[in-house]
There are 2 protein chains.
Amino acid sequence: MKSKAIFYHAGCPVCIAAEQNLASAIDPARYEVEVVHLGSDRSRLEEAEGFGVKSVPALVLDGAAFHINFGAGIDALR
Amino acid sequence: MKSKAIFYHAGCPVCIAAEQNLASAIDPARYEVEVVHLGSDRSRLEEAEGFGVKSVPALVLDGAAFHINFGAGIDALR
């Protein structure tokens, strides 16, 4: 059975960069990746908070929350 | 040809959690994953900074740096 990976975001430029790079790099053979837009699907907020998600973008792997900060992208500053 | 993923860390508990979960979840069919301990391999510091790495743990995917913060692990607080 595949493990569950949930990528929570809110459509921000940083979120989109993280989704296109990090979330899409997750091994599809081992993980079932779900992408949740918390801005448009607020019914999932409580679930995200339950995993310890404090900010977006965040990736929950096997129930553990990893907060992602995209550091130094010039494009995000424009 | 595989893309390059570099996971920079420094042996901290948060780094180890991120390595065991996030770095190991990267698709090995598409990415060649290298793990670099910046504490013991300081010769790689300049390279990491060149990718925009400001803190560890960080994952560089296709040259883009993602800083990872593991949020709410109780074990890290003990």
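Just so you know, all these numbers are worked out from the coordinates, no wet-lab data involved. As the structure is a prediction and not an experimental result, all values here were calculated from the model. Note: ideal-geometry Cβ built from the backbone for every residue, glycine included; neighbour counts use all protein chains shown.
Remarks
- By the Stokes-Einstein formula, at 1.002 mPa s and 20 °C, segment A:3-77 with its Kirkwood radius over alpha-carbon pairs has D equal to 172 µm²/s.
- Reported value for the protein assembly as shown: 116 Å³ per residue, from the convex hull of its C-alpha atoms.
- Here each label is just a point 7 Å from Cα along the line to Cβ, and for residue A:43 and residue B:3 those points are 3.2 nm apart.
- Of all beta-carbon atoms in chain B, the one sitting closest to the axis that brings chain B onto chain A gives B:27, 2, with the distance in whole angstrom.
- Distances, shortest first, from the label point of residue B:35 to those at the same position in the other copies read 2.9 nm; the point lies 7 Å along Cα to C-beta.
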